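Notes follow the structure.
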Amino acid sequence: MVDLQGQYQYIKPQVDSTIQKVIDTASFINGPAVRSFQTELETYLGVKHVIPCANGTDALQIAMMGLGLKPGDEVITADFTFAATVEVIALLQLTPVLVDVEKDTFNINPAAIRKAITPKTKAIVPVHLFGQAANMEAIMQIAKEHNLYVIEDNAQGIGSDYTFSDGTKAKTGTIGDIASTSFFPSKNLGCYGDGGAIFTNNDELAHAIRGIVNHGMYVRYHHDVVGVNSRLDSIQAAVLSAKLPLLNFYNERRKEAAIRYTERLANHPKLITPYREAACDSHVFHQYTLRVIDADRDALVKHLNAHEIPCGVYYPIPLHLQKAYADSRYNENDFQITNQLVQEVISLPMHTELEQDQIDHICSHIITFLNL
Ligand SMILES: *Cc1c(COP(=O)(O)O)cnc(C)c1O
């Protein structure tokens, strides 16, 4: 699905020397490498504060802690996403409220958000799923009307440019009150281990969070709030500093691969290729995800695997049907799209090293199967 080794070959000298520098200086935690990456990412995103942390799941949890959400507060998020999003809501004893997504973008449906709002609702967590920006204009409007926080889960969307209807643009992760991202190796900006970060333009919130990630300390050995230990280590920061200048290039490579896939597959009556705007700025193709219509998706997965072509089903089970997140208040009729998507989706190999002949090879196997 990804080719991290191939990608490394092109950046080996920079990465090796930058890692060596961290080892030579032995400042493994909170060293200068972490601070410089933080500043570089702030500049890239156009956001006032980046707070690095240990992983994308922590980033989400810490964002919610920073906002001061309290047990019983309701947090609305998408039924069709990676479980980390809902996990941290539940872990903080907030009440997750899962809602349906849109069939074309796979992203949270603003009409479903409106329907789920109650007096207890405190926040909305849109996920920029598979690298495509959620409908932030509608979501920010709803949040304003109902005085809700917006926490963007940008783990899959880093580098994506959202365009508002007046033509202004903003990077995903800089639009809501706060955002989280992950530097898991296979993410669009991945390190060589675990890593994550929180973004915000709010000075006060940034200050609160810098303490929360460090055991609730604002002054050494004075613990004002209950915090956590969540750090990006210096070696990971050094790897990220070497890769950040290439992020736009990497995202372009993904787009090129996506366009090639779509050229090959768009006209097949049994497939729906991913929706994207004409300019394609709002999609960084963390995944290239097809919908298989009137054919056996699981048999296609087996067929591809039998021909040594990796593929993935993200995600096979809606979150509202997971044991951990079931809630008697849910009504199946409210999850029609997610329930349908889990049967139809298949994600193809997507990374920066994909060559056109590899894509053509994958597509010809898909078409052969569908025409059987
Ligand atoms: C990867 C991911 C996370 C979690 O990131 P980790 O660094 O693995 O903790 C959270 N949300 C989404 C949507 C993700 O894809």
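The values are calculated or read from the model by the stated rules, or taken from the named source; none is laboratory data. None of the values given here were measured: they were computed from a predicted structure. Using ideal geometry, Cβ is built from the backbone for each residue, glycine included, and neighbour counts are taken over all protein chains shown.
From the set of residues in the stretch 192-220 that are farther than 30 Å from residue 12 by Cβ and of a type in the set (Ser, Thr, Tyr), which is farthest from the ligand (Cβ to nearest atom)?
In this case the residue turns out to be 218.
Residues 264, 260, 276, 210: which one is outside any helix (DSSP H, G or I) and over 14 Å from residue 158 (Cα atoms)? Spell out how you get there, then give the answer.
Working: 264 fails: outside any helix (DSSP H, G or I); 260 fails: outside any helix (DSSP H, G or I); 210 fails: outside any helix (DSSP H, G or I).
The unique qualifying residue is 276.
If a residue must be surrounded by 15 or more Cβ atoms within 10 Å (Cβ to Cβ), touching a residue at least 12 places away in the same chain (Cβ under 8 Å) and out of contact with any strand residue (DSSP E or B) (no Cβ under 7 Å at 6 or more places or on another chain), how many such residues does the stretch 344-364 contain? Give the steps one after another, and end with the answer.
Residues of the stretch 344-364 that are surrounded by 15 or more Cβ atoms within 10 Å (Cβ to Cβ), as a first pass: 344-354, 358-359, 362-363.
Going one step further and asking which of them are touching a residue at least 12 places away in the same chain (Cβ under 8 Å), we end up with 344-354, 359, 362-363.
Filter once more, keeping what is out of contact with any strand residue (DSSP E or B) (no Cβ under 7 Å at 6 or more places or on another chain): 349, 351-354, 359, 363.
Number of matching residues: 7.
Rundown of residues vs (1) over 28 Å from residue 168 (Cβ atoms); (2) modelled with pLDDT of 95 or more; (3) away from the ligand (no atom under 16 Å from the Cβ); (4) of a type outside the set (Phe, Trp, Tyr), yes/no style:
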residue: 239; (1), (2), (3), (4): yes, yes, no, yes
residue: 265; (1), (2), (3), (4): yes, yes, yes, yes
residue: 272; (1), (2), (3), (4): yes, yes, yes, yes
residue: 277; (1), (2), (3), (4): no, no, yes, yes
residue: 291; (1), (2), (3), (4): yes, yes, yes, yes
residue: 298; (1), (2), (3), (4): yes, yes, yes, yes
residue: 303; (1), (2), (3), (4): yes, yes, yes, yes
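Which residue, of 101, 86, 50, 97, is within 10 Å of the ligand (Cβ to nearest atom) and at negative phi? Step through it out loud before you land on a result.
On the way: 101 fails: within 10 Å of the ligand (Cβ to nearest atom); 50 fails: within 10 Å of the ligand (Cβ to nearest atom); 97 fails: within 10 Å of the ligand (Cβ to nearest atom).
Just one listed residue meets the conditions, 86.
Residue 40 is checked against (1) without any contact (Cβ under 8 Å) to a residue 40 or more places away in the chain; (2) more than 30 Å from residue 328 (Cα to Cα); (3) not β-branched (Val, Ile, Thr) and fails just one. What number does that condition carry?
The failed condition is (1).
Consider residue 121 carefully, then state whether it is outside the structural domain of residue 275 (by TED's automatic domain parsing), β-branched (Val, Ile, Thr), more than 18 Å from the chain's Cα centre (by Cα) and closer than 18 Å to residue 177 by Cβ. First the steps, then the outcome.
Working: outside the structural domain of residue 275 (by TED's automatic domain parsing): yes; β-branched (Val, Ile, Thr): yes; more than 18 Å from the chain's Cα centre (by Cα): yes; closer than 18 Å to residue 177 by Cβ: yes.
In short, yes.
Please go through the stretch 192-201 and pick out each residue that is assigned to a loop (DSSP other than H, G, I, E, B) and touching a Lys or Arg at 6+ places or on another chain (Cβ under 8 Å).
Within the stretch 192-201, the first condition is being assigned to a loop (DSSP other than H, G, I, E, B), and the residues that meet it are 192-195, 201.
The answer is 201, and nothing else.
In this structure, is residue 78 buried (at least 24 other Cβ atoms within 10 Å of the Cβ), farther than 18 Å from residue 158 by Cα, within 15 Å of the ligand (Cβ to nearest atom) and small (Gly, Ala, Ser)?
Working: buried (at least 24 other Cβ atoms within 10 Å of the Cβ): yes; farther than 18 Å from residue 158 by Cα: yes; within 15 Å of the ligand (Cβ to nearest atom): yes; small (Gly, Ala, Ser): yes.
Against the criterion (buried (at least 24 other Cβ atoms within 10 Å of the Cβ), farther than 18 Å from residue 158 by Cα, within 15 Å of the ligand (Cβ to nearest atom) and small (Gly, Ala, Ser)), residue 78 qualifies.
For the stretch 11-45, which residues satisfy the criterion of being surrounded by 16 or more Cβ atoms within 10 Å (Cβ to Cβ) and part of a loop (DSSP other than H, G, I, E, B)?
Listed by number, the list holds a single entry, 31.
Could you check the stretch 213-225 and list, in sequence order, the residues that are in a loop (DSSP other than H, G, I, E, B) and on the phi < 0 side of the Ramachandran plot? Outline the logic, then answer.
As a first pass, look at the stretch 213-225 and keep what is in a loop (DSSP other than H, G, I, E, B): 213, 215-216, 220-221, 224-225.
Answer for the stretch 213-225, where residues must be in a loop (DSSP other than H, G, I, E, B) and on the phi < 0 side of the Ramachandran plot: 213, 220, 224, 225.
Could you run through the stretch 46-71 and say how many residues are within 26 Å of residue 245 (Cα to Cα) and either without any contact (Cβ under 8 Å) to a residue 60 or more places away in the chain or in a loop (DSSP other than H, G, I, E, B) (or both)?
Qualifying residue count for the region: 5.
Of all residues in the stretch 299-320 being in contact (Cβ under 8 Å) with a residue 12 or more places away in the chain and either at positive phi or outside any loop (DSSP other than H, G, I, E, B) (or both), which is surrounded by the fewest Cβ atoms within 10 Å (Cβ to Cβ)?
Filtering the stretch 299-320 for residues in contact (Cβ under 8 Å) with a residue 12 or more places away in the chain gives 299-301, 303-304, 307, 309-320.
Okay, now just the ones that are also either at positive phi or outside any loop (DSSP other than H, G, I, E, B) (or both), so 299-301, 303-304, 312, 319-320.
Values: 299: 12, 300: 20, 301: 17, 303: 18, 304: 19, 312: 16, 319: 23, 320: 24.
Across the stretch 299-320, the extreme among qualifying residues is 299.
Tell me the strands (runs of 3 or more DSSP E) entirely within the stretch 83-184 that contain at least 2 residues that are hydrophobic (A, V, I, L, M, F, W, C), in contact (Cβ under 8 Å) with a residue 60 or more places away in the chain and crowded, with 18+ Cβ neighbours inside 10 Å.
Working: elements: 95-99, 121-125, 149-153, 161-163, 169-171, 178-182.
Qualifying strands (runs of 3 or more DSSP E): 95-99, 178-182.
Can you find a residue that is assigned by TED's automatic domain parsing to the domain that holds residue 128, of a type in the set (A, V, I, L, M, F, W, C), under 24 Å from the mean Cα position of the chain (by Cα) and within 14 Å of the ligand (Cβ to nearest atom) anywhere in the stretch 21-44?
The answer is no, given that none of the residues of the stretch 21-44 is assigned by TED's automatic domain parsing to the domain that holds residue 128, of a type in the set (A, V, I, L, M, F, W, C), under 24 Å from the mean Cα position of the chain (by Cα) and within 14 Å of the ligand (Cβ to nearest atom).
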